[in-house]
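The block underneath contains the structure these notes are about, expressed in structure tokens.
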Amino acid sequence: MSQFPTDPRKNDSARQENFGFFKRSMNQFFQEKPVKNFLQSMDEFFSNPFPNVSFPVSVKETENEHVITAELPGVNKEQIHIDIMDNRITISVTHLEIVQEENNKQQIIHKSQTYKQSARTIALPYPVDEKKVKAVYQNGLLTITVKKQKGKKISIHS
């Protein structure tokens, strides 16, 4: 004979009770440490999976120059670094944050340090002369102007 009860109402009731117990157990599991902290870290990662990569940059070309603009709201001028190597300009933004908690006796009870760096590299079609580069930072907008190099024309003889 079968091991299962034949009355379907008893079977549904037992299933619902078991499922309710399972559901409560899973909720409790995901709400307690360390799983809760791990899940929050995962949520933060997937909301911004590449935090050290991106800030908006655009490049416009005029007849005499290239104009590079980078949107850096909330960044101090001291946090911005511009490096030139051959035909590449690299814009780097560094952020160092130190958080310190003290008790009422001015004793440090917790200290943490966060260092973040974002960088973008722009390649231009010619070597960049750093003497012909101008950078201005105002209201969260970095503007780099690079004068174009004048090339030599070679005539073709037949």
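The values are calculated or read from the model by the stated rules, or taken from the named source; none is laboratory data. Worth saying up front: this structure is predicted, and the values here are computed from it rather than measured. All Cβ positions, glycine included, derive from the backbone under ideal geometry; neighbour counts span all protein chains shown.
Quick notes on this one:
- Just so you know, in the stretch 124-140 the residues that are assigned to a loop (DSSP other than H, G, I, E, B) and not aromatic (Phe, Trp, Tyr) include one that is surrounded by the fewest Cβ atoms within 10 Å (Cβ to Cβ), and it is ASN139.
- The set of residues from the stretch 135-150 being farther than 17 Å from PRO56 by Cα and in contact (Cβ under 8 Å) with a residue 12 or more places away in the chain comprises VAL146, LYS147, LYS148, GLN149.
- Any pair with Cβ under 6 angstrom, 6 or more apart, that starts in the stretch 86-97 at a residue that is closer than 18 Å to ASP129 by Cβ and ends at one that is among the acidic types (Asp, Glu) and part of a strand (DSSP E or B): THR90/ASP83
- Of all residues in the stretch 94-123 being outside any strand (DSSP E or B) and of a type in the set (S, T, N, Q), the one that is farthest from VAL75 (Cα to Cα): ASN104
- Options SER58, SER54; residue that is outside any helix (DSSP H, G or I), hydroxyl-bearing (Ser, Thr, Tyr) and at pLDDT 90 or above: SER58
- Considering only residues in the stretch 95-123 that are surrounded by 10 or more Cβ atoms within 10 Å (Cβ to Cβ) and basic (Lys, Arg), the one that is nearest to SER54 (Cα to Cα) turns out to be ARG120.
- The criterion of being without any contact (Cβ under 8 Å) to a residue 24 or more places away in the chain and under 30 Å from GLY151 (Cβ atoms) holds for LYS131.
- Qualifying residue in the stretch 39-49 (condition: within 17 Å of the chain's Cα centre (by Cα) and modelled with pLDDT of 80 or more): no
- Taken as a whole, the condition of being part of a strand (DSSP E or B), assigned by TED's automatic domain parsing to the domain that holds VAL136 and either at pLDDT 70 or above or among the small types (Gly, Ala, Ser) (or both) applies to VAL67.
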